[in-house]
Every structure is written in C-alpha cells, then in structure tokens.
Amino acid sequence: MPEAIEELHSSLRAKFRGDLLQPGHHSYEDARVIWNGMYAKRPGLIARCADVGDVQAAVRIASACGILTAVRCGGHSLAGFSTCDGGLVIDLSRMRHVTVDSGTRRAKFAGGCLLGSIDKATQQAGLVFPSGVVSHTGASGLVLGGGTGWLTRRFGMSCDNVEGFTVVTADGSVVRCNSRENQDLFWALRGGGGNFGIVTEFEVRLHPLKSVTLTQGLTAEPEIRLLLEFWRDFMASAPIDLKWNIDLRLAPDEREVPAELRGRPVASSALVWTGPPDEGEKYLRHALSMCHPDSVSSRVVSFLNLQTMADAAFPHGQRYYTKSGYFTYLDDVTLDRMLEAVVLLPSAGTLIELAYLGGAAAQVSAGETAFGDRSAPFIVNILASWPEASGDEVHISGIRKLFTNLRPAMKPGVYVNFMSGDEQDRVPEAYRGRWDRMIAVKAHYDPCNFFRLNQNIPPSAQNES
Ligand SMILES: Cc1cc2nc3c(=O)[nH]c(=O)nc-3n(C[C@H](O)[C@H](O)[C@H](O)COP(=O)(O)OP(=O)(O)OC[C@H]3O[C@@H](n4cnc5c(N)ncnc54)[C@H](O)[C@@H]3O)c2cc1C
C-alpha cells in the first residue's frame, strides 16, 4: 500500500487544487480525526478536494491503483466509515458552498456541507431544509442514508426533499440524476448511502419556517411508564406539526437537572411544534399534563437555536456505539424491557432514544426511494458514549444485550445511518425488498465496489462469487 499511495500522491500533485496531506504534514493529525473516537485510524493520504475536478482525479487514480478509499463529508459516520488505515480519504470539507433561491424555494449545496452551513444560508431567506438535530453533522452522509430530524413529520425525510444530485462515479465521470435523468441512480441515492459515487452537489426543496415552540419535560419514576404509554398512543393521531422525542436514561449530574433526580432513571421529553404557537399550546399542555412531569419548560425558539441546542451533548472524540431498530407498536413487554434496562445502563452517557416518524415521512411509498418502507413509525436507537477505551466492554456489551432483548418485537429493517461498524450483516435487512434493485444499480455505477467503506451493497458479480 505505501508504494501505491506514493504513486497516487505523485500523480495527483501536479493538478490538485486542494490539499494533499500525508503523515508528517502539519495539518495531518487534525485532518485524520473523525467524530467517533473509536476509529482513530491513520490514512496514507488525505485528499482534501477543492472542487469537482479534484474529486474526479482522486477517484480515477485511486481506483486505477486499487487503493482502499474512504469518503468524508462531516466525519460523523457512527460506524467509522469515513476513515481507513493506510488508504486514501477523499475529504470534501473545503466544498461547503450553499446557494439559495428564495423565489423558487430551492437550494444547491456542495458535498462537504455540514448541516449548520445549510441552516444558516437557508434561514437568511426564512427557509429550512429538513435535516438532522446536531449542526456539526455532515449533510451528505445524513441525506444519502435518509435523514430524520425535528421537521421529518412536517416536511418528510431529508432524502424526500432532494430533487437532484451531481455525482462523481467510480470511473471518475460526472453524472447528474433527478426524476428525468438516470432515474435508477436518483432512486438509489435517496437512502442508499455512499455506495454509488461521491455526491458533489445536492439540489433540494426548501420550506418556510423561522421558529418553533419547544417544550421540554423531565419525568421520573414511577410516572415514566405512564408517559411512555401515553406517548405511544397519542402520537398515532398527533398533528404533523408535532415531533415528540423521548430519551430514557440515568439523569446526568448537571446543574439544570434537579438534584434529587441525578443518577435516577428519567424520561427526558422534547416536543417541537412547527405550527402557530397558540394552536400548539393545547396539544403540548394536554400531552404533558397527562404525564405528570417533574419539570417542564416551554418557549418559542428560532430555528437556528433549535438546530444547535444538542450540539454540545455529542462532542467530537468521545467513543460511541449504537444499535437501532423499528417497531410497528411498542407493546407492554417491550416497554417493560426498556424500563428494566434503564436502571442497569452503564453510565449517564447511555440513552435509549425513542422517536415517532409518521406524518409526511409516511406519505412516501416504499418503492419511491431506496430508503424504503416507512410503515413502522417507532424508531428506537440505543446510543452510548464514554471517554476511554477502558469503557468499551461495559458499554458495548450493555447495548448488545438490550438490543437482543428488544429484537424479537422489532420489525425487520434498520436505518443505515444509525448502524455501528459491526453490523454489515444487517445491510440486506436494511434494504429488504429493494436488495436486487440496489445491487443492479451498484453493478452499473460501481462494478468493482470501489465505494465499499459504507453500509455496503456488493455489485452483483461479487455477490454471486
Ligand atoms: C452527533 C450525530 C448526530 C446525528 N443526528 C442525526 C439525525 O438527527 N438524523 C439522522 O438521520 N442521522 C443522524 N446522525 C447519523 C448521521 O446521519 C450519519 O452519521 C451520517 O453518516 C453522517 O454524515 P457525515 O457526512 O457526517 O458522515 P461521514 O462520516 O463524513 O460519511 C459517512 C459516509 O457517508 C458517505 N458519504 C459522505 N459524504 C459523501 C458524499 N459527498 N457522497 C457520497 N457519499 C458520501 C460515505 O460512504 C461515508 O462513509 C447523527 C450522527 C451523529 C454523529
């Protein structure tokens, strides 16, 4: 590999407009770091592209030299796919331009954008692109996997709001796809992740929204069970303006948490109302009064505040591990299992995150995008974070055990962006019902599986061998 990397480096050097960072370069140590501290790898070369031409050159030469290649936008892959040892990282972080057309409510953004850069640009026109809940997340990985967030029920998933992609495919060519051109690729990129090429530009629909009503509540035992039962049943007929997420956890030792709750199991609710504030009041008040929370706050916040309020809770460099699944219904046994598990969670950094989709996301039929079936509205995501490698065993085994307990009641399927790096065997499950079509598109655009550091769909030839 070192010789191949040297060959790649010298071939790229003449015309590359971005930065070529090898070990020893003063920027290399910072540039090699990704968000999940579990994956502290050392690429042989980081090609930080300045434009589409750089991306094409890096893909062409790396593919010809057979170099293991990772693609990075925001570096937030929970599975650590945006880095590798010894190979090439195609880093898009210099490609972050966003253009907004307020008249047509459309935007174009480049393949290296973070969510925060898109939010800032679109908010200047009073518009939003529905994406995720942490502004330092990369948009490319999030949108290509699907993309859920506060606005999913109101405006659909991120991928549902994409109207076109510009992609550098495995042979280095630039391909455009949308509802009229290269429809198979357009279908596959809306949920299929980084399997088909490097997206250099997204064309998306925007929606008017400047602020939301945010209500937060903390519920302790013995009321948590009541809250979960109420939430489970209430959300099925809640208006699409309401997104209500609940985290089950041990209350952290933090100033804003009442002292008597710290270290005890709690359910932390966040309710976001995107409609007129006075209309939302009745739903939010009614909902929370049913659940006897220990503390409640409600306020109107700007969209930019909403989008950054969770940033500090997910810092770069911690170690993270996750497992996730869908439920059609959260039956009583499943609720019992989750509640029993909260008491045993290894640390306050471990969350059982509960979200309810439905709304506009559920209006898109299973065949319309590679993201597929949206009929199971409950997403349960178990996520742990801890600072040191010495905590790996207790956190990872704790999550696996809880996942195994919950698994029998889950509907087959998983959201690829909430998968860990040890779950490649679940990729066919994630794309069940769409697997053959995904393989066919992969075989057409990436027959040698050059783009394989991802929730990988093998090209058909490799699948058959
Ligand atoms: C703190 C945090 C918060 C999150 N919140 C949400 C959330 O609210 N909603 C949600 O849906 N998900 C969320 N996620 C999951 C997130 O969607 C995935 O981790 C996603 O992969 C992050 O995208 P990225 O660009 O930062 O990833 P990267 O690590 O940069 O890339 C991940 C993979 O995406 C592919 N890729 C990246 N850029 C490109 C490109 N331009 N073209 C083609 N392929 C590319 C590559 O295969 C790469 O391996 C969150 C993750 C984190 C860490």
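A compact table of results
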item: Label-to-label distance, nm, for residues given as E279 and A389 (7 Å Cα→Cβ offset); result: 5.5 nm
item: Rounded, prolate or oblate (a/c below 1.5 giving rounded, otherwise prolate when a/b exceeds b/c) for the range 206-265 by Cα gyration tensor; result: oblate
item: Eligible aspartates and glutamates near K442 by straight Cα distance, threshold 15 Å, same-chain separation 8 or greater; result: D171, D184, E464
item: Viscosity 0.890 mPa s, 25 °C: Kirkwood-radius Stokes-Einstein D of the range 162-225 over Cα pairs, µm²/s; result: 165 µm²/s
item: Percent RCO, i.e. relative contact order, over the chain, from Cα pairs under 8 Å lying at least 6 residues apart; result: 16 percent
item: Stretchable slack from A259 to S295, in nm (0.36 nm times residue separation minus alpha-carbon distance); result: 11.7 nm
item: Selection from N182, H9, N449, by position along the positive dipole direction of the chain (Cβ); result: N182
item: Dipole moment magnitude, nearest 20 debye, the chain about Cα centre, only Lys, Arg, Asp, Glu C-beta charged; result: 760 debye
item: Extension gain from K41 to W435, taking 0.36 nm per residue of separation minus the Cα-Cα distance; result: 138.8 nm
item: Neighbourhood net charge (10 Å Cβ-Cβ; Lys/Arg +1, Asp/Glu -1) for S135; result: -1
item: Computed accessible area, C65, all protein chains, 1.4 angstrom probe, square angstrom; result: 40 Å²
item: All lysines inside 25 Å of K41 as judged from Cα atoms, apart from same-chain residues fewer than 8 positions distant; result: K323
item: Inter-probe distance in nm under a simple model that places probes 7 Å from Cα toward Cβ, at Q22 and A409; result: 5.6 nm
item: Solvent-accessible area, 1.4 Å probe, carbon plus sulfur percent, for the chain; result: 51 percent
item: Rounded, prolate or oblate (a/c below 1.5 giving rounded, otherwise prolate when a/b exceeds b/c) for the range 287-376 by Cα gyration tensor; result: rounded
item: Lysines whose Cα lies under 23 Å from that of K210, excluding same-chain neighbours fewer than 8 positions away; result: K108, K120, K243, K282
item: Average projected area [Cα convex hull, the chain], square nanometres; result: 21.6 nm²
item: Cα gyration tensor shape for the range 1-100, rounded if a/c is under 1.5, else prolate or oblate; result: oblate
item: Helix-derived mean residue ellipticity, 222 nm - over the chain, DSSP H n ≥ 4, -39500 (n - 2.57), to 500; result: -8500 deg cm²/dmol
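The values are calculated or read from the model by the stated rules, or taken from the named source; none is laboratory data. This is a predicted model, so every value here is computed, not measured. All Cβ positions, even for glycine, are placed from backbone atoms using ideal geometry, and neighbour counts span all protein chains on display. All accessible areas refer to the heavy atoms of the entire protein, side chains included, with ligands and DNA or RNA removed. Shrake-Rupley method; radii C 1.70, N 1.55, O 1.52, S 1.80 Å.
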